[in-house]
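Chemist: Sharing a structure below in structure tokens format, with a few things to ask.
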Amino acid sequence: MNYLQQDALEKLRKAAINASVAQKIALRDFEKAQAELDKWTKRYELALQESNKALASQAKYQKERYQAIADRLKNLIQQQVTLTLIKNNLSVLKNVKEIFKIKADLTQIVSSNRFDKNCLQTAESLLDQTVDSELELLRKELDEM
């Protein structure tokens, strides 16, 4: 695997870590906003029942405010699910990287005439099938995003 591929994998790994942290923070904040929304919804309903216009107005404002915050955080969390899928697929890319390394090692062994070339072709064929399987799995998961 060349330098550019390794660099891309490293950047993907770092992005996945950052996405995981951001998702945890967004989920925590979403839960807080949802609790505040529930609190202000109850206060709004109570103020309406008691015909307290001033409290109803304040409660309605807060209820709408926390509804907007919760909605934005929910959208952020849904976007981060995509990033989590990328994080999960990082292991697939690591497997592919290892397969390419093994293939390069096999080629080097054969070029030094320490290995039967027919055996190498069989091993390379198996490695190619494994790479194809790993990449197909990755493609399917990315298509589902």
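Chemist: Treat each spin label as a single point 7 Å out from the Cα along the C-beta direction, and report the Ile77 to Ile17 distance in nm.
Modeler: Computed distance between label sites Ile77 and Ile17 equals 2.6 nm.
Chemist: On a 31 Å Cα-Cα criterion, which of the cross-link pairs Lys32/Lys94; Lys11/Lys103; Lys11/Lys63; Lys24/Lys53 come out too long?
Modeler: As for pairs spanning more than 31 Å Cα to Cα, those are Lys32/Lys94; Lys11/Lys63; Lys24/Lys53.
Chemist: For the residue pair Glu50 and Gln34, what label-to-label distance in nm results when each label sits 7 Å from Cα along the Cα-to-beta-carbon direction?
Modeler: Placing both labels 7 Å along Cα→Cβ, they lie 2.8 nm apart.
Chemist: Let me ask something else about it. Can you work out ³J(HN,Hα) from phi for every residue in segment 74-80, in order, using Karplus 6.51 cos²θ - 1.76 cosθ + 1.60 and θ = phi - 60°, giving whole Hz and x for Gly and Pro?
Modeler: Each residue's phi maps through the Karplus curve to give 4, 5, 4, 4, 5, 5, 6 Hz.
Each value in this text was obtained by applying a stated rule to the coordinates, not by laboratory testing. No experiment lies behind these values; they were computed from the predicted model shown. When we count neighbours, we look across all protein chains shown, and the Cβ atoms used for this are built from the backbone with ideal geometry, even at glycine.
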